[in-house]
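The values are calculated or read from the model by the stated rules, or taken from the named source; none is laboratory data. Because the structure is a prediction, the values reported are computed rather than measured. Heads up, the Cβs are rebuilt from the backbone with ideal geometry, glycines too, and the neighbour counts pull from every protein chain shown. Side chains are part of the model used for accessible areas, which takes the heavy atoms of the whole protein and leaves out ligands, DNA and RNA. Shrake-Rupley method; radii C 1.70, N 1.55, O 1.52, S 1.80 Å.
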Amino acid sequence: MTVEHKIDAKVDQVKGTAKETYGKAAGNKKVETEGKVEKVVGKVKETAEKIKDDIKEKL
């Protein structure tokens with residue numbers, strides 16, 4: 001996993017957490033849900049990069 005991809009995935013997760021927290025505090029379900037989605041997207045990106053790295057190591 002390149003450093004850029006790691007950072008990108010973590011940024012999505014942090015942004016998602018912040019949005020989710022804000023949405024909960026403000027009582028805004030839409031923003032809360034958007035935050036949850038961003039968090040999941042970041043985790044998926046991170047997992048996909050780890051899988052690519054594992055495959056490259058085995059080849």
**Prompt:** When both residues are 6+ apart or on different chains and their Cβ atoms are under 7 Å apart, which pairs have a first residue that lies in segment 25-42 and is farther than 14 Å from Ala9 by Cβ, and a second that is open to solvent by 80 Å² or more (accessible area, probe 1.4 Å) and assigned to a loop (DSSP other than H, G, I, E, B)?
**Reply:** none
**Complete:** Checked segment 21-59 for anything assigned to a helix (DSSP H, G or I), farther than 16 Å from Ile7 by Cα and not charged (D, E, K, R); matches are Thr21, Tyr22, Gly23, Ala25, Ala26, Val31, Thr33, Gly35, Val37, Ile51, Ile55
**Fill in**
Checked pairs for segment 1-19, first without any contact (Cβ under 8 Å) to a residue 24 or more places away in the chain and at positive phi, second among the small types (Gly, Ala, Ser) and open to solvent by 60 Å² or more (accessible area, probe 1.4 Å), C-beta under 7 Å and 6 or more apart or across chains, list as none
**Request:** Kindly indicate whether any position in segment 7-20 is in a helix (DSSP H, G or I), at pLDDT 95 or above, more than 11 Å from the chain's Cα centre (by Cα) and surrounded by fewer than 16 Cβ atoms within 10 Å (Cβ to Cβ).
**Result:** yes
**Request:** Go through Glu49, Glu34 for me and flag whichever is touching a His at 6+ places or on another chain (Cβ under 9 Å), of a type outside the set (Val, Ile, Thr) and buried (at least 16 other Cβ atoms within 10 Å of the Cβ).
**Result:** Glu49
